[in-house]
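First the structure, in the form of structure tokens, and then the observations on it.
The values are calculated or read from the model by the stated rules, or taken from the named source; none is laboratory data. Keep in mind that what you see is a predicted model, and the values were worked out from it rather than measured. Quick reminder, even Gly has a Cβ in these numbers, built from the backbone with ideal geometry, and neighbours come from all protein chains shown. Just the protein is used for accessible areas: all its heavy atoms, side chains included, with ligands, DNA and RNA removed. Shrake-Rupley method; radii C 1.70, N 1.55, O 1.52, S 1.80 Å.
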Amino acid sequence: MDTKEQLIDRLIDLSFAEDIGDGDHTTLSTIGPDAMGRQHLLVKEEGILAGVDIARRVFAKFDPSLKMTIYINDGAHVKPGDIAFVVEGPVRSLLQTERLMLNIMQRMSGVATMTHTYQSRLEGLSCHVLDTRKTTPGMRILEKEAVRIGGGMNHRIGLFDMILIKDNHVDFAGGIDKAVARAKSYCKEKGKDLRIEVEVRNTDEIRQALAADVDRIMLDNFTPEATAEAVKLIRSVNPNVEIESSGGITLDTLRAYGEAGVDFVSVGALTHSVKGLDLSFKAC
């Protein structure tokens, strides 16, 4: 299995291949090979900056001679007019790396900003916003890193690092008890130490999940009022099991779920409904 670093390297390579192809003919035809210059990353919209470290990797991978001077780091609150960094070196390299760097940073900063907005609604509560697998294909590692930069927490990265038994698994397996028993048997057989979470749809399934002794229970599409009742039931049986709310939760309803007593609220909108932060890379 590829590591996080390997996945990022492959993404950068694929992105350059997609964008440059057999050559940036505009730059190659208009800019001499010896031309040197500098550009800065200009913030044009208020938000949370994310992707500075990935930008550094993009520049270094394309042309190690590019010199990057960083003034604002990942996770900082930025406003229009801020200069995040300056890059100096061959103009051809600056122009050929510009769009990929901006695509990554605008997307990551948008995710981080959205996450910060959601997590801020839970201020004062011991509840955390989680991301989901509703990510841009190929960009998951970067988008989940942006969630973390924005103050949220990562759920599982993929299908490989946690067992999440959802409604379809339950229905096909013939019930929560059977699904969990098979999952535990599988982990033992394969020598895997994976946490097990079960999605539940009603009180009866909550009781089944508690009897199966899982690590986390996901309350799917419960109202805030029903969530509060579910939390009371779960805590009375097993005060240590983690509780997550999921399903159609918006910025307006988020606080109510946190106040109901859950540990986590998962929000697909952190990654699937994000507007990129407005940034530009201009000669200076």
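Within region 251-272, the set of residues being among the polar types (S, T, N, Q) and touching a helix residue (DSSP H, G or I) at 6+ places or on another chain (Cβ under 8 Å) comprises 253, 271. Screening residue 63 with (1) open to solvent by less than 40 Å² (accessible area, probe 1.4 Å); (2) closer than 22 Å to residue 147 by Cα gives one miss only, at (2). Residues that are open to solvent by 10 Å² or more (accessible area, probe 1.4 Å) and part of a helix (DSSP H, G or I) within region 30-52 comprise just one, 30. One residue is enough: does region 264-278 have a residue meeting the conditions in a loop (DSSP other than H, G, I, E, B) and more than 30 Å from residue 78 (Cα to Cα)? No, region 264-278 contains no residue that is in a loop (DSSP other than H, G, I, E, B) and more than 30 Å from residue 78 (Cα to Cα).
Of all residues in region 149-167, those that are over 17 Å from residue 217 (Cβ atoms) and either open to solvent by less than 50 Å² (accessible area, probe 1.4 Å) or part of a helix (DSSP H, G or I) (or both) total 6.
Has region 136-148 got any residue that is under 30 Å from residue 212 (Cα atoms), open to solvent by less than 50 Å² (accessible area, probe 1.4 Å), hydrophobic (A, V, I, L, M, F, W, C) and not in a loop (DSSP other than H, G, I, E, B)? No. Residues that are touching a helix residue (DSSP H, G or I) at 6+ places or on another chain (Cβ under 9 Å), outside any loop (DSSP other than H, G, I, E, B) and open to solvent by 70 Å² or more (accessible area, probe 1.4 Å) within region 172-205 comprise 172, 177, 178, 182, 184, 203, listed in sequence order.
Scanning region 238-248 for residues that are among the hydrophobic types (A, V, I, L, M, F, W, C) and either modelled with pLDDT under 95 or closer than 14 Å to residue 220 by Cα (or both) yields one hit, 243. Given the criteria closer than 30 Å to residue 177 by Cβ, among the basic types (Lys, Arg), out of contact with any Phe, Trp or Tyr (no Cβ under 7 Å at 6 or more places or on another chain) and at pLDDT below 95, does residue 156 qualify? In short, yes. Residues of region 14-29 that are open to solvent by less than 80 Å² (accessible area, probe 1.4 Å), in contact with a helix residue (DSSP H, G or I) (Cβ under 9 Å, 6 or more places away or on another chain) and assigned to a helix (DSSP H, G or I): 15, 16, 20, 27, 28. The residue pairs whose first member lies in region 173-194 and is among the hydrophobic types (A, V, I, L, M, F, W, C), whose second member is open to solvent by 70 Å² or more (accessible area, probe 1.4 Å), and whose beta carbons are closer than 6 Å, counting only pairs six or more residues apart or on different chains, are 179/169. Suppose we keep only residues that are farther than 28 Å from residue 32 by Cα and free of Cβ contacts under 8 Å to residues at least 40 places away in the same chain within region 83-125. Which one would you say is most open to solvent (accessible area, probe 1.4 Å)? For region 83-125, the residue satisfying everything is 123. The selection criterion, being open to solvent by less than 20 Å² (accessible area, probe 1.4 Å) and at pLDDT 95 or above, holds for residue 55.
Within the set 279, 251, the sole residue that is modelled with pLDDT of 95 or more, hydrophobic (A, V, I, L, M, F, W, C), under 21 Å from the mean Cα position of the chain (by Cα) and open to solvent by 30 Å² or more (accessible area, probe 1.4 Å) turns out to be 251. If you go through region 235-263 and pick out every residue that is of a type outside the set (Ser, Thr, Tyr), under 30 Å from residue 103 (Cβ atoms) and not in a loop (DSSP other than H, G, I, E, B), you end up with 1.
For region 206-234, taking the residues that are of a type in the set (S, T, N, Q) and outside any helix (DSSP H, G or I), the one that is farthest from residue 171 (Cα to Cα) is identified as 223.
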